[in-house]
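Single-structure report; data block below.
The values are calculated or read from the model by the stated rules, or taken from the named source; none is laboratory data. This one's a predicted model, so the numbers in the text were calculated from it and none came from an experiment. Counting neighbours? That spans all protein chains shown, and the Cβs are built from the backbone with ideal geometry, glycine included.
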Amino acid sequence: MPRTWHISAFTLITLVTLALTGCGSGDPAAAPPAGAGPVARGRLPTADVVSSVKRNEDAARLLPAKVRASGTLTLASAVGAPPGAFYLEDGRTLAGADIDFADAVARALGLELEREVASFEAILPALDSGKYDVGTGNFGVTDERRRTIDFVTYINDGQGFAVRDDSPLEEVTDLTRLCGLTVATGAGTTFEATLEAGRHVCSDAGRKAYDVRTYADQAAIWISLRQGRSDVVMSTINGLRYAVTQQEGLRFIDEFKRLDVGFAFRKGTPLAPAFQAAVNGLKTDGTYDRILEKWGTGESAIRTSRISPPELR
């Protein structure tokens, strides 16, 4: 969903804190939401939930013979913010739920990943061209994307909203709740597309349109909210829930739309059945739940992995 934001979690928190001390209501942040797990303010989970994964022979047999022989796959990772995929303080080490899921599936399939960091908007076209075998980046499964991309689902995330504690906005059940407000979001995302497609709802209701401000840098999104240049942030449900536990004076207000999230592949890939079996194997052996617990995203659990399911409505 979001673009690539090359910024570590603590850098983001520091930028917001230093630039905006005293902004907003000054009230403490809302308590971490249900399912927030072990994540504490200013701390990142470090539990090793991958190295114990054993090879899943049944899943590995579903790999194409050429892949089994080479033992490697090229994977493009979009790097953004916790809890999905992000850089640690050293600026080199990757962490996050997307990283753990990809590494766990690779171990289950007996494969080595040749991981390359790529921008969010570049990964799907690069899969189609054959540059990469698989991509991760919190890619929501939409009907439009399914026309050219295959997915193997591993979590359920989606679109949500966050505001300052002093905001009167309590819920966003439809986009008319945003009329007259300024919405900050990531450029080139499904959030921007949703907001642009729904611009007419305010004029249709005889109300002032909402204003959309897009940013390529996630720190800028939060700074705009804290400084009052925007009224509400639209982003991933899991990302927002994590962010409000790390910054005072902000609260998560609503889930707007849920989407299945999956590993992305070129259309017609022969890799999908093996990845699906590997994800379901991780659910059976408990690794799946341990990854969700580590990153505080238990509410994003899926019952079973599916290949390119219809978009959730």
Among the residues that make up the stretch 132-139, is at least one of them in contact (Cβ under 8 Å) with a residue 12 or more places away in the chain, of a type in the set (S, T, N, Q) and outside the structural domain of residue 282 (by TED's automatic domain parsing)?
no
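Please note which helices (runs of 4 or more DSSP H) are completely contained in the stretch 234-313 and include at least 2 residues that are modelled with pLDDT of 95 or more, charged (D, E, K, R) and more than 16 Å from the chain's Cα centre (by Cα).
Numbers: elements: 237-246, 272-285, 287-295.
It comes to 272-285, 287-295.
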Residues of the stretch 106-125 being modelled with pLDDT under 95 and either within 17 Å of residue 268 (Cα to Cα) or small (Gly, Ala, Ser) (or both), in sequence order, are 118, 119, 122, 123, 124, 125
All but one of (1) among the charged types (D, E, K, R); (2) over 23 Å from residue 94 (Cα atoms); (3) surrounded by fewer than 17 Cβ atoms within 10 Å (Cβ to Cβ) hold for residue 177; which doesn't?
(3)
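Only one residue in 74, 11, 4 is under 27 Å from residue 139 (Cβ atoms) and modelled with pLDDT of 90 or more, so which one is that? Can you show your working first?
Working: 11 fails: modelled with pLDDT of 90 or more; 4 fails: modelled with pLDDT of 90 or more.
On inspection, the qualifying residue turns out to be 74.
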Give the stretch 81-94 a look and list any residue that's surrounded by 19 or more Cβ atoms within 10 Å (Cβ to Cβ) and more than 11 Å from the chain's Cα centre (by Cα), or say none.
87
With the condition kept exactly as written, say whether any residue in the stretch 63-74 is touching a residue at least 24 places away in the same chain (Cβ under 8 Å) and under 14 Å from the mean Cα position of the chain (by Cα).
no
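Could you tell me whether residue 103 is surrounded by 21 or more Cβ atoms within 10 Å (Cβ to Cβ) and among the charged types (D, E, K, R)? If you could, list the steps in order and put the result at the bottom.
Numbers: surrounded by 21 or more Cβ atoms within 10 Å (Cβ to Cβ): no; among the charged types (D, E, K, R): yes.
Judged against the criteria, residue 103 is not a match.
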Answer yes or no: is there a residue in the stretch 195-210 that is in contact with a Cys (Cβ under 6 Å, 6 or more places away or on another chain), of a type in the set (Ser, Thr, Tyr) and either buried (at least 20 other Cβ atoms within 10 Å of the Cβ) or not in a strand (DSSP E or B) (or both).
yes
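In this structure, does residue 97 turn out to be crowded, with 22+ Cβ neighbours inside 10 Å, at pLDDT below 95 and touching a helix residue (DSSP H, G or I) at 6+ places or on another chain (Cβ under 7 Å)? Walk me through how you get there before you give the answer.
Details: crowded, with 22+ Cβ neighbours inside 10 Å: yes; at pLDDT below 95: no; touching a helix residue (DSSP H, G or I) at 6+ places or on another chain (Cβ under 7 Å): yes.
For residue 97, the condition - crowded, with 22+ Cβ neighbours inside 10 Å, at pLDDT below 95 and touching a helix residue (DSSP H, G or I) at 6+ places or on another chain (Cβ under 7 Å) - is not met.
For the stretch 221-228, indicate whether the set of residues that are farther than 30 Å from residue 47 by Cα and free of Cβ contacts under 8 Å to residues at least 12 places away in the same chain is non-empty. Please lay out each step first, then the result.
Residues of the stretch 221-228 that are farther than 30 Å from residue 47 by Cα, as a first pass: 223-228.
When the remaining residues are screened for being free of Cβ contacts under 8 Å to residues at least 12 places away in the same chain, the result is none.
Scanning the stretch 221-228, I find no residue that is farther than 30 Å from residue 47 by Cα and free of Cβ contacts under 8 Å to residues at least 12 places away in the same chain, so the answer is no.
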